[in-house]
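Below: the structure, in structure tokens.
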Amino acid sequence: MTFREGQKVVCIRHRDGAGRPGANYPKVGPIYTVRSINDEPKEAIICLEEIDNAHLSPAYGSIEPGFTASAFRPIVENVLAESWDNRKHAKEKV
């Protein structure tokens, strides 16, 4: 799955195990915004606007630890439905 910065995503799988001490993790269900993407050999790692783990950077190199992209799915906005609703409301105002 390919993501882009600024894209809205939802976490579909939480991390199993203890994780990194002091790290903040996403919860399954809420919507998050992709802040950055780091392409790693095995899988892309994304950082989220709503979760800051920059305090862990010194222990893990210069890059903030993020989350595996496969744990997220993009939010697909229904542009067609929104367009239909806008036209419907515009006709009602006339």
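Quick one: length gained pulling Glu40 to Ile12 fully straight, 0.36 nm per residue minus the C-alpha distance? List each step's numbers first, then the result.
Details: separation 28, 0.36 × 28 = 10.08 nm, distance 2.06 nm.
Going from the current span to full extension adds 8.0 nm.
For each of Tyr25, Tyr32, count neighbouring Cβ atoms within 10 Å of the residue's Cβ, then give the residues from fewest to most.
On the way: Tyr25 13, Tyr32 21.
With the fewest neighbours first, Tyr25, Tyr32 line up as Tyr25, Tyr32.
Just to be sure I understand the model, the point goes 7 Å from the Cα along the line to the Cβ. What's the resulting Thr33 to Thr2 distance in nm?
2.3 nm
Could you check the simple spin-label distance between Ile63 and Glu77, using points 7 Å along Cα→Cβ, in nm with one decimal?
2.9 nm
Here, each number is a calculation from the coordinates, and none is a lab measurement. Model, not experiment: these values are computed from the prediction. Note that each Cβ is placed from the backbone with ideal geometry, even for glycine, and that neighbours are counted across all protein chains shown.
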